[in-house]
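What follows is one structure encoded as C-alpha coordinates, with my remarks underneath.
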Amino acid sequence: MDWIEFPSLSRGDMLTIKKTIDGSFKEFTRAYGDLIDKFFDPLQDFLVLLERLLITSPWPVVLAFFAAVVFLMSRKVSITIGTVIALSLIGVFGLWEDTMRTIAMVTVCTMLAIVLGIPIGIFMASSDRVQRLVNPILDLMQTMPSFVYLIPVVMIFGIGKVPGLIAVVIYAIPPMIRLTNLGIRLVDQDVLEAADAFGSSGTQKLMNVQLPLALPTIMAGINQCIMMSLSMVVVASMIGVKGLGQEVLNAINNQYLTAGVLSGLAIVSIAIIFDRATQAYGKRLQKHSEVVHG
(Lines give C-alpha, C1' and ligand atoms only; values in the text may rest on other atoms or scores of the structure.)
Protein backbone atom coordinates (compact mmCIF):
# COMPACT_ATOMS: atom_id res chain seq x y z
CA MET A 1 0.00 0.00 0.00
CA ASP A 2 1.25 3.47 -0.92
CA TRP A 3 1.37 5.61 2.26
CA ILE A 4 2.84 8.65 0.49
CA GLU A 5 -0.04 9.74 -1.73
CA PHE A 6 -3.48 10.02 -0.22
CA PRO A 7 -6.01 7.71 -1.95
CA SER A 8 -8.20 9.89 -4.13
CA LEU A 9 -10.55 9.71 -7.05
CA SER A 10 -8.97 9.36 -10.44
CA ARG A 11 -8.79 12.34 -12.78
CA GLY A 12 -11.41 10.74 -14.97
CA ASP A 13 -13.85 10.36 -12.08
CA MET A 14 -13.26 13.94 -10.91
CA LEU A 15 -13.74 15.21 -14.46
CA THR A 16 -17.04 13.32 -14.72
CA ILE A 17 -18.28 14.78 -11.40
CA LYS A 18 -17.29 18.32 -12.38
CA LYS A 19 -18.89 18.01 -15.82
CA THR A 20 -22.09 16.65 -14.30
CA ILE A 21 -22.43 19.42 -11.72
CA ASP A 22 -21.38 22.24 -14.07
CA GLY A 23 -23.59 20.91 -16.84
CA SER A 24 -26.61 20.65 -14.56
CA PHE A 25 -26.14 24.20 -13.31
CA LYS A 26 -25.73 25.53 -16.86
CA GLU A 27 -28.95 23.78 -17.89
CA PHE A 28 -30.70 25.31 -14.88
CA THR A 29 -29.35 28.72 -15.88
CA ARG A 30 -30.58 28.37 -19.47
CA ALA A 31 -34.02 27.20 -18.32
CA TYR A 32 -34.70 29.63 -15.49
CA GLY A 33 -32.08 32.39 -15.86
CA ASP A 34 -34.41 34.85 -17.60
CA LEU A 35 -37.20 34.23 -15.08
CA ILE A 36 -34.87 34.78 -12.12
CA ASP A 37 -33.46 37.88 -13.80
CA LYS A 38 -36.94 39.38 -14.21
CA PHE A 39 -37.74 38.61 -10.58
CA PHE A 40 -34.89 40.90 -9.51
CA ASP A 41 -35.74 43.71 -11.95
CA PRO A 42 -37.62 45.79 -9.29
CA LEU A 43 -34.57 45.59 -7.04
CA GLN A 44 -32.32 46.78 -9.84
CA ASP A 45 -34.73 49.60 -10.69
CA PHE A 46 -34.71 50.76 -7.07
CA LEU A 47 -30.90 50.66 -6.93
CA VAL A 48 -30.61 52.64 -10.17
CA LEU A 49 -33.17 55.18 -8.93
CA LEU A 50 -31.39 55.71 -5.61
CA GLU A 51 -28.01 55.93 -7.30
CA ARG A 52 -29.30 58.46 -9.83
CA LEU A 53 -30.97 60.50 -7.09
CA LEU A 54 -27.74 60.76 -5.07
CA ILE A 55 -25.60 61.58 -8.09
CA THR A 56 -27.87 64.11 -9.84
CA SER A 57 -29.03 65.98 -6.72
CA PRO A 58 -27.07 69.15 -5.82
CA TRP A 59 -24.16 68.22 -3.60
CA PRO A 60 -25.08 70.69 -0.80
CA VAL A 61 -28.51 69.04 -0.55
CA VAL A 62 -27.00 65.55 -0.38
CA LEU A 63 -24.41 66.68 2.17
CA ALA A 64 -27.10 68.31 4.32
CA PHE A 65 -29.25 65.19 4.05
CA PHE A 66 -26.48 62.88 5.29
CA ALA A 67 -25.58 65.31 8.08
CA ALA A 68 -29.23 65.40 9.19
CA VAL A 69 -29.57 61.60 9.14
CA VAL A 70 -26.35 61.13 11.12
CA PHE A 71 -27.40 63.75 13.68
CA LEU A 72 -30.88 62.24 14.11
CA MET A 73 -29.34 58.81 14.68
CA SER A 74 -26.45 59.82 16.94
CA ARG A 75 -27.64 63.15 18.45
CA LYS A 76 -23.96 64.08 18.59
CA VAL A 77 -22.58 67.24 16.98
CA SER A 78 -19.04 65.80 16.82
CA ILE A 79 -20.12 62.83 14.66
CA THR A 80 -22.19 65.13 12.43
CA ILE A 81 -19.26 67.54 11.92
CA GLY A 82 -16.96 64.60 11.18
CA THR A 83 -19.44 63.34 8.58
CA VAL A 84 -19.53 66.72 6.84
CA ILE A 85 -15.74 67.01 6.84
CA ALA A 86 -15.22 63.45 5.55
CA LEU A 87 -17.75 63.78 2.72
CA SER A 88 -16.39 67.22 1.81
CA LEU A 89 -12.85 65.84 1.51
CA ILE A 90 -14.18 62.97 -0.60
CA GLY A 91 -15.75 65.52 -2.95
CA VAL A 92 -12.59 67.67 -3.06
CA PHE A 93 -10.53 64.69 -4.22
CA GLY A 94 -12.98 63.92 -7.04
CA LEU A 95 -14.56 60.80 -5.56
CA TRP A 96 -18.04 62.18 -4.92
CA GLU A 97 -19.86 60.30 -7.68
CA ASP A 98 -18.15 56.98 -6.94
CA THR A 99 -18.91 57.43 -3.25
CA MET A 100 -22.61 58.03 -3.98
CA ARG A 101 -22.70 54.85 -6.07
CA THR A 102 -21.12 52.90 -3.22
CA ILE A 103 -23.49 54.37 -0.62
CA ALA A 104 -26.46 53.49 -2.84
CA MET A 105 -25.23 49.89 -3.18
CA VAL A 106 -24.55 49.49 0.55
CA THR A 107 -27.92 51.03 1.41
CA VAL A 108 -29.88 48.66 -0.82
CA CYS A 109 -27.82 45.65 0.34
CA THR A 110 -28.41 46.55 3.98
CA MET A 111 -32.14 47.05 3.44
CA LEU A 112 -32.41 43.66 1.69
CA ALA A 113 -30.37 41.99 4.44
CA ILE A 114 -32.67 43.50 7.09
CA VAL A 115 -35.85 42.42 5.26
CA LEU A 116 -34.55 38.86 4.87
CA GLY A 117 -32.38 38.53 7.97
CA ILE A 118 -34.73 39.65 10.73
CA PRO A 119 -37.53 37.15 9.88
CA ILE A 120 -34.99 34.32 9.63
CA GLY A 121 -33.48 35.37 12.97
CA ILE A 122 -36.94 35.43 14.56
CA PHE A 123 -37.65 31.98 13.14
CA MET A 124 -34.35 30.69 14.57
CA ALA A 125 -35.12 32.17 17.99
CA SER A 126 -38.49 30.41 18.06
CA SER A 127 -37.05 26.92 17.61
CA ASP A 128 -33.83 25.22 18.73
CA ARG A 129 -34.22 22.73 15.89
CA VAL A 130 -34.30 25.54 13.30
CA GLN A 131 -31.27 27.12 14.95
CA ARG A 132 -29.32 23.86 14.70
CA LEU A 133 -30.30 23.60 11.03
CA VAL A 134 -29.51 27.20 10.03
CA ASN A 135 -26.26 27.67 11.99
CA PRO A 136 -24.14 25.41 9.72
CA ILE A 137 -25.49 27.26 6.68
CA LEU A 138 -24.48 30.59 8.23
CA ASP A 139 -21.05 29.14 9.08
CA LEU A 140 -20.64 28.13 5.45
CA MET A 141 -21.73 31.58 4.21
CA GLN A 142 -19.25 33.34 6.52
CA THR A 143 -16.24 31.11 5.84
CA MET A 144 -16.66 30.56 2.10
CA PRO A 145 -14.20 32.82 0.19
CA SER A 146 -16.12 35.80 -1.12
CA PHE A 147 -14.88 35.25 -4.69
CA VAL A 148 -16.75 31.93 -4.82
CA TYR A 149 -20.09 33.76 -4.50
CA LEU A 150 -19.38 35.53 -7.78
CA ILE A 151 -19.31 32.33 -9.85
CA PRO A 152 -22.98 31.20 -9.63
CA VAL A 153 -24.45 34.72 -9.67
CA VAL A 154 -22.46 35.65 -12.77
CA MET A 155 -23.54 32.41 -14.48
CA ILE A 156 -27.19 33.31 -13.81
CA PHE A 157 -27.23 37.12 -14.13
CA GLY A 158 -24.11 37.94 -16.10
CA ILE A 159 -22.16 41.12 -15.35
CA GLY A 160 -23.89 44.06 -13.68
CA LYS A 161 -25.44 45.51 -10.55
CA VAL A 162 -27.78 42.67 -9.58
CA PRO A 163 -25.16 39.90 -9.35
CA GLY A 164 -22.93 42.20 -7.31
CA LEU A 165 -25.82 43.08 -5.02
CA ILE A 166 -26.75 39.42 -4.46
CA ALA A 167 -23.13 38.46 -3.77
CA VAL A 168 -22.79 41.28 -1.23
CA VAL A 169 -26.05 40.33 0.54
CA ILE A 170 -25.02 36.65 0.79
CA TYR A 171 -21.72 37.73 2.34
CA ALA A 172 -23.21 40.35 4.69
CA ILE A 173 -26.48 38.80 5.91
CA PRO A 174 -25.19 36.20 8.45
CA PRO A 175 -24.47 38.75 11.25
CA MET A 176 -27.97 40.17 10.78
CA ILE A 177 -29.52 36.73 11.26
CA ARG A 178 -27.26 35.68 14.13
CA LEU A 179 -27.66 38.87 16.18
CA THR A 180 -31.43 38.97 15.68
CA ASN A 181 -31.60 35.42 16.98
CA LEU A 182 -29.25 36.24 19.86
CA GLY A 183 -31.08 39.43 20.83
CA ILE A 184 -34.45 37.68 21.07
CA ARG A 185 -33.00 34.75 23.02
CA LEU A 186 -31.36 37.12 25.53
CA VAL A 187 -34.64 38.74 26.53
CA ASP A 188 -35.19 38.22 30.25
CA GLN A 189 -37.49 35.29 30.97
CA ASP A 190 -39.14 37.21 33.81
CA VAL A 191 -40.32 39.81 31.30
CA LEU A 192 -41.72 37.10 29.04
CA GLU A 193 -43.52 35.48 31.98
CA ALA A 194 -45.03 38.85 32.87
CA ALA A 195 -46.25 39.22 29.28
CA ASP A 196 -47.80 35.75 29.45
CA ALA A 197 -49.45 36.65 32.74
CA PHE A 198 -51.12 39.63 31.07
CA GLY A 199 -52.52 37.32 28.39
CA SER A 200 -50.30 38.42 25.50
CA SER A 201 -50.44 36.28 22.39
CA GLY A 202 -47.30 35.03 20.69
CA THR A 203 -47.41 37.82 18.12
CA GLN A 204 -48.06 40.49 20.74
CA LYS A 205 -45.20 39.18 22.87
CA LEU A 206 -42.87 39.26 19.88
CA MET A 207 -43.84 42.72 18.63
CA ASN A 208 -44.29 44.48 21.99
CA VAL A 209 -41.69 42.79 24.19
CA GLN A 210 -39.05 40.69 22.45
CA LEU A 211 -38.25 42.85 19.43
CA PRO A 212 -38.12 46.16 21.37
CA LEU A 213 -35.80 44.64 23.98
CA ALA A 214 -33.68 42.96 21.30
CA LEU A 215 -33.45 46.13 19.18
CA PRO A 216 -29.98 47.22 20.45
CA THR A 217 -28.58 43.79 19.54
CA ILE A 218 -30.36 43.92 16.18
CA MET A 219 -28.79 47.35 15.57
CA ALA A 220 -25.38 45.76 16.21
CA GLY A 221 -26.29 43.24 13.49
CA ILE A 222 -27.17 46.07 11.10
CA ASN A 223 -23.85 47.72 11.93
CA GLN A 224 -21.92 44.53 11.12
CA CYS A 225 -23.98 44.04 7.96
CA ILE A 226 -22.98 47.51 6.74
CA MET A 227 -19.31 46.92 7.52
CA MET A 228 -19.26 43.61 5.66
CA SER A 229 -21.08 45.14 2.69
CA LEU A 230 -18.41 47.82 2.44
CA SER A 231 -15.66 45.21 2.66
CA MET A 232 -17.25 43.37 -0.25
CA VAL A 233 -17.52 46.32 -2.68
CA VAL A 234 -14.01 45.82 -4.05
CA VAL A 235 -14.74 42.16 -4.82
CA ALA A 236 -18.10 43.07 -6.35
CA SER A 237 -16.35 45.57 -8.65
CA MET A 238 -14.87 42.57 -10.47
CA ILE A 239 -18.32 41.82 -11.93
CA GLY A 240 -19.19 45.34 -13.03
CA VAL A 241 -20.38 47.09 -9.84
CA LYS A 242 -19.32 50.71 -10.21
CA GLY A 243 -18.16 52.88 -7.33
CA LEU A 244 -15.15 53.12 -5.04
CA GLY A 245 -14.46 49.39 -5.36
CA GLN A 246 -13.93 49.77 -9.10
CA GLU A 247 -11.50 52.63 -8.46
CA VAL A 248 -9.51 50.41 -6.11
CA LEU A 249 -9.53 47.60 -8.69
CA ASN A 250 -8.32 49.97 -11.43
CA ALA A 251 -5.58 51.22 -9.13
CA ILE A 252 -4.42 47.64 -8.51
CA ASN A 253 -4.44 46.77 -12.22
CA ASN A 254 -2.54 49.92 -13.19
CA GLN A 255 -0.38 50.23 -10.05
CA TYR A 256 -1.74 53.67 -9.15
CA LEU A 257 -0.77 54.06 -5.49
CA THR A 258 -2.37 57.46 -4.87
CA ALA A 259 -5.69 56.60 -6.52
CA GLY A 260 -5.88 53.32 -4.61
CA VAL A 261 -5.10 54.93 -1.25
CA LEU A 262 -7.60 57.75 -1.77
CA SER A 263 -10.38 55.33 -2.78
CA GLY A 264 -9.54 53.08 0.15
CA LEU A 265 -9.64 56.03 2.56
CA ALA A 266 -13.03 57.03 1.10
CA ILE A 267 -14.37 53.53 1.87
CA VAL A 268 -12.92 53.77 5.38
CA SER A 269 -14.57 57.17 5.86
CA ILE A 270 -17.98 55.80 4.86
CA ALA A 271 -17.47 52.83 7.17
CA ILE A 272 -16.60 55.11 10.11
CA ILE A 273 -19.62 57.34 9.47
CA PHE A 274 -22.02 54.38 9.34
CA ASP A 275 -20.33 52.70 12.31
CA ARG A 276 -20.42 55.74 14.61
CA ALA A 277 -24.00 56.63 13.67
CA THR A 278 -25.41 53.12 14.12
CA GLN A 279 -23.45 52.49 17.33
CA ALA A 280 -24.68 55.76 18.85
CA TYR A 281 -28.24 54.92 17.82
CA GLY A 282 -27.92 51.45 19.35
CA LYS A 283 -26.68 52.92 22.64
CA ARG A 284 -29.63 55.32 22.69
CA LEU A 285 -32.00 52.39 22.18
CA GLN A 286 -30.26 50.50 24.99
CA LYS A 287 -30.69 53.40 27.40
CA HIS A 288 -34.32 53.80 26.34
CA SER A 289 -35.09 50.12 26.94
CA GLU A 290 -33.39 50.26 30.36
CA VAL A 291 -35.58 53.22 31.34
CA VAL A 292 -38.81 51.67 30.05
CA HIS A 293 -38.26 48.13 31.34
CA GLY A 294 -36.28 49.07 34.24
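For segment 18-38, filtering for residues that are among the basic types (Lys, Arg) and in contact (Cβ under 8 Å) with a residue 12 or more places away in the chain leaves 1.
Scoring GLY94 on the criteria (1) among the small types (Gly, Ala, Ser); (2) part of a helix (DSSP H, G or I); (3) open to solvent by 40 Å² or more (accessible area, probe 1.4 Å) leaves a single failure, condition (2).
Look at LEU54 and say whether it is within 30 Å of ILE218 (Cβ to Cβ) and without any contact (Cβ under 8 Å) to a residue 40 or more places away in the chain. No, not satisfied. How many of the residues in segment 206-222 are closer than 25 Å to ILE166 by Cβ and open to solvent by less than 10 Å² (accessible area, probe 1.4 Å)? Residues meeting the conditions: 2.
For segment 183-202, residues that are in a loop (DSSP other than H, G, I, E, B), surrounded by 15 or more Cβ atoms within 10 Å (Cβ to Cβ) and without any contact (Cβ under 8 Å) to a residue 24 or more places away in the chain total 1. Screening SER74, SER146, SER78 for residues that are of a type outside the set (A, V, I, L, M, F, W, C) and open to solvent by 70 Å² or more (accessible area, probe 1.4 Å) leaves exactly one candidate, SER78.
Results for (1) among the hydroxyl-bearing types (Ser, Thr, Tyr); (2) touching a His at 6+ places or on another chain (Cβ under 9 Å), shown as yes or no for each residue.
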residue	(1), (2)
ALA195	no, no
SER200	yes, no
THR203	yes, no
LEU206	no, no
PRO212	no, yes
MET219	no, no
ILE222	no, no
ILE226	no, no
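Per-residue answers, yes or no, for (1) surrounded by 15 or more Cβ atoms within 10 Å (Cβ to Cβ); (2) within 30 Å of ARG178 (Cβ to Cβ); (3) in contact (Cβ under 8 Å) with a residue 40 or more places away in the chain:
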| site | (1), (2), (3) |
| --- | --- |
| PHE40 | yes, yes, yes |
| PRO60 | no, no, no |
| VAL70 | yes, yes, yes |
| THR83 | yes, yes, yes |
| MET100 | yes, no, yes |
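Can you tell me which residue is farthest from LYS38 (Cα to Cα) among those in segment 149-179 that are open to solvent by 30 Å² or more (accessible area, probe 1.4 Å) and hydrophobic (A, V, I, L, M, F, W, C)? Looking at the filtered set, the residue picked out is LEU179. When LEU116 is tested against (1) surrounded by 17 or more Cβ atoms within 10 Å (Cβ to Cβ); (2) within 18 Å of ALA220 (Cβ to Cβ), just one condition goes unmet, and that condition is (1).
One residue is enough: does segment 159-172 have a residue meeting the conditions more than 16 Å from ILE239 (Cα to Cα), assigned to a helix (DSSP H, G or I) and not acidic (Asp, Glu)?
There is at least one residue in segment 159-172 that is more than 16 Å from ILE239 (Cα to Cα), assigned to a helix (DSSP H, G or I) and not acidic (Asp, Glu).
Please go through segment 195-250 and give me each residue that is small (Gly, Ala, Ser) and over 13 Å from the mean Cα position of the chain (by Cα), ordered by number. Matches in segment 195-250: ALA195, ALA197, GLY199, SER200, SER201, GLY202, ALA214, SER237, GLY240, GLY243, GLY245.
The values are calculated or read from the model by the stated rules, or taken from the named source; none is laboratory data. Small disclaimer: the values here were computed from a predicted structure and weren't measured. Note: ideal-geometry Cβ built from the backbone for every residue, glycine included; neighbour counts use all protein chains shown. Protein only, heavy atoms only, side chains kept; ligands, DNA and RNA dropped before computing areas. Shrake-Rupley method; radii C 1.70, N 1.55, O 1.52, S 1.80 Å.
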